[in-house]
Structure formats: C-alpha cells, structure tokens
1. Mind jotting down a quarter of the surface of the convex hull over the alpha carbons of the stretch 35-169, in square nanometres, one decimal?
2. Rounded to the nearest angstrom and ordered from largest down, what semi-axes does the equivalent ellipsoid of the stretch 1-51 get from its C-alpha gyration tensor (root of 5λ)?
3. Would you grab the residues whose amide H sits under 5 Å from the one on Asp243? Only those 5+ places off in sequence or on another chain, please, with H modelled 1.01 Å from N.
4. Using only the alpha carbons of the stretch 101-231, what is the convex hull's orientation-averaged projected area in square nanometres?
5. Which one of Phe55, Leu81, Ser360 has its Cα pushed farthest toward the positive end of the charge dipole of the chain, where Lys and Arg give +1 and Asp and Glu give -1 at the Cβ?
6. DSSP beta bridges in the chain, what fraction antiparallel, as a percent rounded to 5?
7. So what are the three principal axis dimensions of the stretch 189-342 from its Cα atoms, in whole Å, longest to shortest?
8. Okay, helix-only estimate at 222 nm for the chain: each DSSP H run of n ≥ 4 adds -39500 (n - 2.57), divide by all residues, round to 500 deg cm²/dmol; what do you get?
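The values are calculated or read from the model by the stated rules, or taken from the named source; none is laboratory data. Since the model is a prediction, treat every value here as computed from it, not as a measurement. Here the Cβ positions follow ideal geometry from the backbone for every residue, glycine too, while neighbour counts run over all protein chains shown. With ligands, DNA and RNA removed, areas are computed over all heavy atoms of the protein, side chains included. Shrake-Rupley method; radii C 1.70, N 1.55, O 1.52, S 1.80 Å.
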Amino acid sequence: MAEQLDQFEIAVEQIKKAAKILNLDRGMVEILTHPKRELTVNFPVRMDDDSVRVFTGYRVQYNYSRGPCKGGVRYHPNVTLNEVRALAAWMTWKTAVVNLPYGGAKGGVVVDPKKLSRNELERLTRRYTSEISIIIGPEKDIPAPDVYTDSQTMAWMMDTFSMIKGYSVPGVVTGKPLSVGGSEGRGEATARGAMYVARAAAETAGIDTRKATVAVQGFGNAGSIGARLFRSELGAKIVAISDSKGAIYNKDGIDIPKLEQYKARTGSVVNFPGTKNMSNEELLTLDVDILVPAALENQITEKNASKIKAKMIVEEANGPTTPKADEILFKNDVMLLPDVLANAGGVTVSYFEWVQDIQSFFWSLDEVNQKLERVMTSAYRDILPISQKENIDMRTAAYAYAVKKVVDAHTARGLWP
Ligand code: NAD
C-alpha cells in the first residue's frame, strides 16, 4: 500500500508511537490525539475592483494544558483544516521540547497571496484577525508568521486586535516589526536555532563542521538564513541549494550573500553563475554531510529515503520527512534532527518577544542570541539521552519527551469536572 501522507494522520501516528514508549492509558491517548478547539471562519473581503470575495480561514488550538497556545498563521491556496490541525499538534510538542510555557496552535487562510494586492492582503488580514479575535490574546493564543505571512502581516494583526480592545496589545502576536514591540533576532531565530542544534549534534556525531558539506532545500526565510549561518558560524561549505524552480550545485561551495542578491534580482536561485543546475530530487540525494530541508512537507519519503547519503538531516521545515522515511533513515544510521527540535528557534524567540512585550522591557541582540543558544542546546541535551537509552530515533525521543511534559500537566491539573 502506498504511504498515506495526510498530515494529521501522520501527526496522530507520531503521538501514538510516543504514547507506546510512555505506556500511556487509552484515555490520555484520546486526549492527546484530539485538537482541543477549532474555529473555522468564512469572511468577506472587498477586493480592489469593488467586488466581494469570501475567504475561509482556520485557527486550531491543539492543547493548552501547559500555557497559552502559540503558533503561526499560513496563507496558502492548499491550506486545509487537517493540515492546520497537524501543524497545531506539532506546535504543542515543539513548545514542550524547548521547555516554553505554551500550548500549541496554528492558523491558516485558503488564499494565494501572490494574486492579491497589498491593500487586499491588509483587508483580508484585518478581517481574519477580527474573526478569530474571540479566541486569541496574550493570555490565550498568540499567532506568529508562517509560510507567506510576515512581520507586516503581524503588525496589521496587532493593530486590528488593539483597535478592538481600545488600547495597544503588542503581546497578541509575535514576529512583529521592532517599532511595535518586535524582538531583536526574531528574523533569523529559526535558522540560528537550527544552527545551534546542528553544532551540538555534529559534536556528538564526530562531524567537523569546518570540513562539512551542506545541501539546503528551499531558499526562503529559513533556508537562506540557515545557509548563511551554517557558512559564517560553523564554517561549513554550502554546495547545493534549491527553491521551487530548481536546484544549483557547486562542489567548491556557493557564495550565499551573492546568491541572496541574485535571487532578489531574478526571483530564483536557478542559473546562478558558477553553479550547475540540478533537480530538487537530485539535491536531496547528494553525497553531503548535512542535508537541510527548509521548504515544504513530505519531501523525504519511502521513495527516496534509502538513497539519502547525508550523515545528518536538520529539519528547518515542518514535516519534511514521512514516518516510513524516518524508519529507513534510522536503519541507515542517518542522524535526523527533527523539526520539533531543529526549527524551534523561531518559537523560542517568539516567546522572548512575548515576554519582552508583557514586561515592556527589551533585550539586546546579544542577550537574545545567548538565551536562544542556551534553550536550543539544552533541549538537544535533554533529548539525546532518551534516544540513546531507548535506542529510538531523535524524533520519537523528542515526542516522548514533549508528550510526557503535556501528560504531566494534564495529570497535575486533573480532569474537570
Ligand atoms: P518561505 O516561504 O520563506 O520559503 C520557502 C522556500 O521553499 C522558498 O524558497 C520556495 O521557493 C522553496 N520551495 C517551495 N517549493 C519547493 C520545492 N518543491 N523544492 C524546493 N524548494 C521549494 O518559508 P519559510 O518561512 O522559510 O518556511 C519554510 C519551512 O520552514 C516551512 O515548513 C515552515 O513551516 C518552516 N518554518 C519556518 C519558520 C520561520 O520562522 N520562517 C519557523 C519554523 C518553521
């Protein structure tokens, strides 16, 4: 039977795997495999030509036993409730993995943002925010950017929520511009966090990062900054990079700042001078030390997992590896640093931003990066021994660690009534 790739079914499968290791009873598994609260909103937006279109949006609060919910908002034509559920579940484990006092949530709007004008996007964002304002807030649920949303989207969300309340509420969203309560270091936090985890794991695996070769799939926020930091902070050589239009390769290394300028000018990494073009599929199976998926879900599957030659995979993207591929990679001794750990730097600095907003007391970039480094490396050190002791892959170990934290919170709080 072909491997099923429904995101939420994958998420449930992963929870059940962790539940087995933890010996959880059926009732607890039922709680953990169900989203706590789901809101679907269908809302009208006036377009530039004065017509009205109705858009569908979601906000799923998966679990808030450990604190307010946290998770991004995604604008994409393929957004579905099931995908949002899965992403919300992953946020629950991710916040627990890095020991943040949060639950998990996610939001999405079914829209192709590239087809909307800036004014239309602003009206869509404001109306979506007002529709979900009944369940969000600094003590309840704090959205952030995700695919095709950014700091401007967050500024509009913050303003809309503040207008509804009648006073400024910077803590309602994170990933905001600095001018309205954003944090230093938020822009590169995901990639920086991944770099810290990769550095710690390279030490464990005996990989000298100054001699390591790296292939990066995706050249957006996470991928491009990841490539830059792996080069500048770890001394690694980035030999291959891709985006939605194709991949490029140079065995002697790619100049990342120049590539960033090239992509800004031409819209793609393809045909970058001094490199040869290849397909995304070829990039994934290159003979490199470190592979960094930083694009979309379901990229490493049972079809290509056995062909992967990288010694280490650092999941900057959410859900790039399917459960069957996980099994194959584990058998083949590939050290996989799972999304819930590797890309948790973004939500960690989001947490820092929320803390700074609530205290109205802001930190320097150095302070942010030092705190981030501590959070990321200690999460890695918490999870590694579980993987070694139980002889399980790092994803399952991270899930076991995270799920236990959520279970402990449920148990301590008890069942009401
Ligand atoms: P982005 O939109 O900035 O970049 C996505 C990149 O992937 C683009 O370069 C795009 O061209 C490329 N891409 C699309 N389809 C591709 C394909 N088939 N093959 C190769 N490349 C392809 O998004 P982002 O913010 O960088 O997010 C990327 C991933 O990282 C997502 O899974 C997201 O959930 C995850 N993530 C991002 C953050 C963050 O703070 N930005 C935090 C946590 C997780």
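1. Numbers: hull surface 30.9 nm².
For the Cα atoms of the stretch 35-169, the hull's average projected area reads 7.7 nm².
2. Working: eigenvalues 285, 56, 9 Å².
They are 38, 17, 7 Å, listed from largest to smallest.
3. Under 5 Å from the amide H of Asp243 lie the amide H atoms of Gly218, Val269, each far enough along the sequence or on another chain.
4. On the way: hull surface 40.2 nm².
Result: a mean projected hull area of 10.1 nm².
5. Comparing the listed Cα positions along the dipole, Ser360 ranks first.
6. Numbers: 24 of 50 bridges.
Taking every DSSP beta bridge within the chain, about 50 percent pair in antiparallel fashion.
7. 41, 31, 26
8. On the way: 14 runs with 189 residues, N = 417.
That calculation yields -14500 deg cm²/dmol at 222 nm.
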